[in-house]
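Below is one structure, written out as structure tokens, with a few remarks after it.
The values are calculated or read from the model by the stated rules, or taken from the named source; none is laboratory data. Quick caveat, the model's predicted, so the values are computed rather than measured. Positions of Cβ are backbone-derived with ideal geometry, glycine not excepted, and every protein chain shown enters the neighbour counts. All accessible areas refer to the heavy atoms of the entire protein, side chains included, with ligands and DNA or RNA removed. Shrake-Rupley method; radii C 1.70, N 1.55, O 1.52, S 1.80 Å.
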Amino acid sequence: MSELALATAEDCRPLYELAARVKALAPWEFMEEDDLFGVIDPDTGEPNFVSVMGAAGEHFAVALYRGVSGLYSFLFVQELGPDAAIENVLDMPHIQLSFEDRELVEKRDREQMKELGLKFRGRAAWPIFRSHRPGYAPWFIDKAEARLLAHALEQLLELAPRLLDATENLLMPGDDQDFLVRVPDPAGGLVWRDETMTFNPPPPREMTIQIEGDALERVAQLPIRPGAIEVDCFRLLNIVAPPGERPFFPYTLLMVDAKLGLPLGIDMVTPDPILDELWTRVAAGVLRMLFTGGYRPREFRVRHALLFGVLSMISAQTGIKVKRVDSLENLDNVAGGLAAFMDQGGL
């Protein structure tokens, strides 16, 4: 994302003012993280969902989960609890206001605060605003995100005091899929009202894989060798930060001989422009590695559900069976060595 698209200090001025009011209200003293309510984006009509963090007295923040997919990614992580993987947490699409210690405030934050004449002191006193998108590292918010987060904080400040006086839980007006939602009326000068809305889980994602030219036909003509190949596509937590672009987590497509444990191919895949599109390019990478190796295995072994689906799409054309397994021992050994190499500054 270019610097021009990021929110300026003036774009964030209302957010700093709202953050001060949120800090004074301290909604984490009477709201739990799963006390969700919705806020409709006045610009797009999309539902977003507010969650307050800090009841445990550790991380004080307000998160705005984006869309129904953001809602259900949050609910999924809540259901997993301590069993949630780091990928599940990183891939929750949301915008966040958090109150941090000074050492977590970056140069751009400090410059904005200085431009606005703001000063903060003490633990968990510095408000910072971050955008979280699947596949990408947390980053500064853009102009549209600044406007949306301002609406959400305004509605939190409106609704939270009512929760203290309510005789019943306003945030759970019906069954588990019903939510209290703050809805704007643009014709009325952006006057907000309460509505109860039901949000069903998003439908299964549709995927069209990208294949290069006659790659399928060329691989289908390769000789078959007995044995299996372990295949995985996994995230590395080493952040890549191209100049002038949003930092991201690279994904590694790795193929390893299931018997010998020898790496047969490795490729880096980026989440650009969105994480879901990464998976549409994985099949092309697998086909390139097979053609370079000069043979087809009898079987692919995978554990990732999406990767299983992707390779199943090319199974009939390549004549390679796809088997879902719980463990990829040889591949994990190679991946561990790769991660250690990356930690030492490799690649």
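The calculated FRET efficiency for the pair R193 and A9, based on their C-beta separation and a Förster distance of 35 Å, comes to about 0.60.
Heavy-atom accessible area, probed at 1.4 angstrom with all protein chains present, ranks R102, R121 as R121, R102, highest first.
The lysines whose alpha-carbon is closer than 30 Å to the alpha-carbon of K321, local same-chain residues fewer than 8 away aside, are K259. Diagonalising the gyration tensor over the Cα atoms of the chain and scaling each eigenvalue by 5 before taking the square root yields semi-axes of 44, 23, 18 Å, largest first. Distance from the C-alpha centroid of the range 82-161 to that of the range 9-24: 11 Å, rounded to the whole angstrom. Dipole of the chain computed with +1 at Lys/Arg Cβ and -1 at Asp/Glu Cβ about the Cα centre; of T292, I211, A137, farthest Cα towards the positive end is T292.
Structure remark: mean-square fluctuation, Gaussian network model of the chain, C-alpha springs under 10 Å; the largest value among Q177, Q96, Q155 belongs to Q177.
Shape class of the range 272-314 from the Cα gyration tensor (axes a ≥ b ≥ c, square roots of the eigenvalues): oblate, since a/c reaches 1.5 or more and a/b does not exceed b/c.
Would you mind checking the range 290-328 for residues with the amide N under 13 Å from a putative spin-label position 7 Å along Cα→C-beta of M207? Under cut-off, by backbone N: 302-315. For the chain, the Cβ-based charge dipole about the Cα centre amounts to some 1220 debye (Lys, Arg positive; Asp, Glu negative; other atoms uncharged).
Accessible-area rank, largest first, for V105, V240: V240, V105, with all protein chains present and a 1.4 angstrom probe. The value given for the range 234-347 is a Kirkwood hydrodynamic radius of 15.1 Å, derived from the mean inverse Cα-Cα separation.
For the chain, with all protein chains present and a 1.4 Å probe, just round the carbon and sulfur fraction of the accessible area to a whole percent. Roughly 52 percent, rounded to a whole number. To test your reading of the geometry: what angle, between 0 and 90 degrees and rounded to tens, separates the Cα axis of helix 67-80 from the longest principal axis of the chain? Taking Cα atoms only, the helix is inclined about 80 degrees. Using C-alpha pairs under 8 Å with a sequence gap of at least 6, the mean separation divided by the residue count of the range 68-219 gives a relative contact order of 18 percent. Spin-label pair K143-N200: with each label point 7 Å from Cα along the Cα-Cβ axis, the two points sit 3.8 nm from one another. Accessible area per residue for the range 146-241, computed on protein heavy atoms with a 1.4 Å probe, is 57 Å².
Against the chain, whose longest principal axis comes from its Cα atoms, helix 329-343 is set at around 60 degrees.
On a per residue basis, the range 1-65 carries 43 Å² of accessible surface, using protein heavy atoms and a 1.4 Å probe. Between 0 and 90 degrees, the angle of helix 275-293 with respect to the longest Cα principal axis of the chain falls at about 20 degrees.
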